Amino acid sequence: MELLKNVLNTGETFLIDEMNLGENYGGIYVRLRAFKMDDVLGIMCKNITEEVEIIDALEVLMRKVANYFREPLVTILGLTALSGKENDADQKTT
């Protein structure tokens, strides 16, 4: 309640970007915004469950892609480092 009073007193917008309402309300995610319009308090609520699920799916995909490419890249970097050391050793002996 104090946060809403602050919005009215200062005119500064209050935002809760990602709030899970819990299983009692279907586990949906909402974005709440409280703002001042003239002398009244405005409150907007938007269901962002689909956006949160898409972002979560993209994060999982990014982790899988990173893990998929990590091993071959480490192997290539290791072989490159070894060949560089061998070339240095060959140059020193000649």
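The numbers here are math on the coordinates, done by the rules we state, and not lab data. Keep in mind it's a predicted model, so treat the numbers as computed, not measured. No Cβ is skipped: glycine too gets one built from the backbone with ideal geometry, and neighbour counts run over all protein chains shown.
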Revision key, fill the gap. The long-range amide H neighbours of I28, using H built 1.01 Å from N in the peptide plane and a cut-off of under 5 Å, are L21, G22
Check your understanding: Which of these, G27, G42, G78, has the largest mean-square fluctuation under a Gaussian network model of the chain (Cα springs below 10 Å)?
Key -> G78
Review point. For the chain, what is the relative contact order in percent, using Cα pairs closer than 8 Å and at least 6 residues apart in sequence?
Key: 17 percent
Practice item. With +1 on each Lys and Arg Cβ and -1 on each Asp and Glu Cβ, and nothing else charged, work out how big the dipole of the chain is about its Cα centre, in Debye to the nearest 20. Key: 180 debye
Review point. Nearest 0.05, what FRET efficiency do V65 and M44 give at R0 = 35 Å with Cβ-Cβ as r?
Key: 0.45
Practice item. Compute the distribution of all C-alpha to C-alpha distances in the chain, in bins of 10 Å from 0, and list the percent of pairs in each, rounded to whole numbers. Key: 13, 21, 17, 13, 11, 10, 8, 4, 0
